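The structure appears below as structure tokens.
Bear in mind that the values in this text are calculations on the coordinates, not laboratory data. What you see is a predicted model; the values in this text were computed from it and never measured. Reconstructed Cβ throughout: ideal geometry from the backbone, glycine too, with neighbour counts over all protein chains shown.
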Amino acid sequence: MRGLGYRKSIWGCLDRRISGGKIHRGEGCELGIFTAKTRRARGRREDFSPFCWISGKFLLHVGGKVWLDQRKVRCFYSHRFEIELPRDHPYPMDKFRLSKEMLLVEGVLRPEEIVEVGQAPDHLIRSVHDAAYVERVYSCSLDRKEALRLGLPITPELYTRSASEVEATRMACRAALEEGVAICLAGGKHHAFSEYGSGGSVFNDVAVAIRDLQLWRPGLRVMVVDTDAHQGDGTHALLAGDPRVFTYSIHVAPSGARPGVAGSMDVETVRYVEGEMYLRQLFSTLAAALDTFAPDLVIWIAGADNHHNDRYGQMMLTAKDLQRRDEVLLKAFIRNRIPVAVLYGGGCNRQAEFTAKIHRNTVAMAKQLAAEHRGLWASQDKLALSA
Ligand SMILES: [Zn+2]
């Protein structure tokens, strides 16, 4: 069977061995009957996960045989993502629920692909955040200045929604490593620093997820690809100096009020950049970053605020430009066999429901490409990023 030969190059860090197998093509799914062995154990589902990634299929055990479902992409969600905001608040807090409903109603996602998460453990949040700050969020005792910087009402629900978002990102990263592509139906709170939150970001879910992964696999090389219209300043500050992490961010040049924090690679666009110029800048610089760093995992903060009708994005991309961005980036990650966790990032479109629609489009693209290309992991072809 093709593909097994690449096991070592992709999963060299894993102590596993697969001795052979046949695949019988069926309708939509494929049934594989394998003689699959690992040195540690036999028959547990997770033991087959690397093989699942190589052959590109989701594996379920059926009476000693392996049922492969290449259509499944796990998406992590919490009903706590949506909290009540004042009527005139500009943030589209319902975008999480709306985008999930769109994906389900349109049949892009099946209900079993959506995984409801709980809250991230407090000690994990404190692994990147100052304990006193976490306590102030928990006890709703942030002062007026801190609340203004966050731009959200300080309520008990703010803590639970933020801790749930951290958990969803953490789970998506772990799932991406096992299955190639996984999605957090929120996430990308990149303006959260150790001791304070800002711009709607309470806890930095990406930094917490990376610290959690490092406990599990200390040598893992993680690249944060941040294509939200704003610089991932909090993420840069929290992960600075860690050679195992590469932070890439493409954004409108930070202004005087918000000077920014340098990441591993910062790409600044002109204010109100048009789609074509933006995409050219993105593809060329990201290709160089991927080549240089060679990550084991990409955490991609997609961003919906690059759209020309966004309140705060200051970019002029159309929905078509954003779909092109999503397609090229996802193909580059997937075809180069780099596991990717997809996160929403920001978005505050003047047409409220449209933010949800842009996030929905990103998820739909990830779902479609994961299904289409999972069978191609065996291929040696690499896809170049091109505008
Ligand atoms: Zn943004």
The relative contact order of segment 75-376, taking Cα pairs under 8 Å that sit 6 or more residues apart, comes to a percentage of 19
Using alpha carbon centers only, segment 252-306 is separated from segment 311-340 by a whole-angstrom value of 11
HN-Hα couplings for segment 362-371 via Karplus (6.51, -1.76, 1.60; θ = phi - 60°), in whole Hz with x for Gly/Pro, come out as 5, 5, 4, 5, 4, 4, 5, 6, 4, 5
Gyration tensor on Cα atoms of segment 75-376, a ≥ b ≥ c root eigenvalues, a/c under 1.5 rounded, else prolate if a/b beats b/c, else oblate, says rounded
Output ordering of 302-310, 103-111 (per-residue mean of other Cβ within 10 Å, highest first) is 302-310, 103-111
Residue-ordered couplings for segment 320-326, obtained by feeding phi - 60° into the Karplus form 6.51 cos²θ - 1.76 cosθ + 1.60 and rounding to whole Hz (Gly and Pro as x), are 5, 4, 5, 5, 5, 4, 4
Among Ala192, Ser284, Ala237, the residue whose Cα sits farthest towards the positive end of the charge dipole of segment 75-376, when +1 is placed on the Cβ of each Lys and Arg and -1 on the Cβ of each Asp and Glu, is Ser284
Check: in segment 75-376 the Lys pairs 8 or more apart or on separate chains whose Cα atoms fall under 28 Å apart number 22
Scalar couplings 3J(HN,Hα) for segment 128-140 by Karplus 6.51 cos²θ - 1.76 cosθ + 1.60 (θ = phi - 60°), nearest whole Hz, x for Gly and Pro, are 10, 9, 4, 4, 5, 5, 4, 5, 5, 5, 4, 8, 6
Long-range amide H partners of Ser198, meaning residues 5 or more apart or on another chain whose placed amide H is closer than 5 Å, are Ala192, Phe193
Sorted by chain and then number, the residues having a modelled amide H within less than 5 Å of the amide H of Val273, at least 5 places away or on another chain, are Met316
